[in-house]
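No value in this document is a laboratory result; all are computed from the given coordinates. Note that the structure is a prediction, hence the values are computed from the model and not measured. Neighbour counts run over all protein chains shown; Cβ positions are idealised from the backbone, glycine included.
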Amino acid sequence: MAIQFADLDGVFQALAHPARRDVVRRLTAGPAAVSELAEPFDMALPSFLQHLHVLEGCGLVVSEKVGRVRTYRLTPTPLRAAESWIEEQRTSWEQRLDQLEAYLLHLKDQDQDP
């Protein structure tokens, strides 16, 4: 399933905030209720719910309400897309740095020739 660049932008924007990264990290252990997710944060519940809304808006999490309890769980596809994009960038830069290293070694060899 291909992810659009706008979707990828939303994922990176969501992950830019430390509270949202902490929520994602917590959800790697399994689904959790809003109250459990909000407990470690020193913020009002409406503020915390805005963070969950951002995560849900970009597809990183989905929620389900059973009775009075809303439970969130991680959806890994957007994280995999971000990981794939980062890997592509890493590979590209490693190739560029390898080319630069080869060029610099070539220049060094030329300077050492009598």
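Can you run down the residue pairs with Cβ atoms below 8 Å, 6 or more apart or on separate chains, where the first is in segment 11-27 and without any contact (Cβ under 8 Å) to a residue 24 or more places away in the chain and the partner is assigned to a helix (DSSP H, G or I)?
R21/L15; R26/L37
Within segment 71-95, how many residues turn out to be under 16 Å from D9 (Cα atoms) and β-branched (V, I, T)?
Number of matching residues: 2.
Name the single residue, out of those in segment 55-114 being farther than 13 Å from D7 by Cα and β-branched (V, I, T), that is surrounded by the most Cβ atoms within 10 Å (Cβ to Cβ).
The extreme case among them is V61.
When you check V23 against the structure, is it buried (at least 16 other Cβ atoms within 10 Å of the Cβ), in a helix (DSSP H, G or I) and in contact with a Gly (Cβ under 9 Å, 6 or more places away or on another chain), yes or no?
The answer is no for V23.
Just one of (1) over 19 Å from the mean Cα position of the chain (by Cα); (2) on the phi < 0 side of the Ramachandran plot trips up S63, so point out which.
Checking S63 against (1) over 19 Å from the mean Cα position of the chain (by Cα); (2) on the phi < 0 side of the Ramachandran plot, the one that fails is (1).
Checking A14 against (1) out of contact with any Lys or Arg (no Cβ under 7 Å at 6 or more places or on another chain); (2) surrounded by 10 or more Cβ atoms within 10 Å (Cβ to Cβ); (3) not in a strand (DSSP E or B), which single condition isn't satisfied?
(1)
Within segment 28-38, work out how many residues are closer than 17 Å to Q50 by Cα and either surrounded by 13 or more Cβ atoms within 10 Å (Cβ to Cβ) or of a type outside the set (G, A, S) (or both).
Matching residues across segment 28-38 total 6.
From the list A38, A81, exactly one residue is touching a helix residue (DSSP H, G or I) at 6+ places or on another chain (Cβ under 7 Å) and touching a residue at least 60 places away in the same chain (Cβ under 8 Å). Which is it?
From the options A38, A81, the qualifying one is A81.
Within the set of pairs 6+ apart or on separate chains, which have a first residue in segment 50-77 that is in contact (Cβ under 8 Å) with a residue 40 or more places away in the chain and of a type in the set (D, E, K, R), a second that is surrounded by 15 or more Cβ atoms within 10 Å (Cβ to Cβ) and part of a helix (DSSP H, G or I), and C-beta atoms under 9 Å apart?
R73/L27
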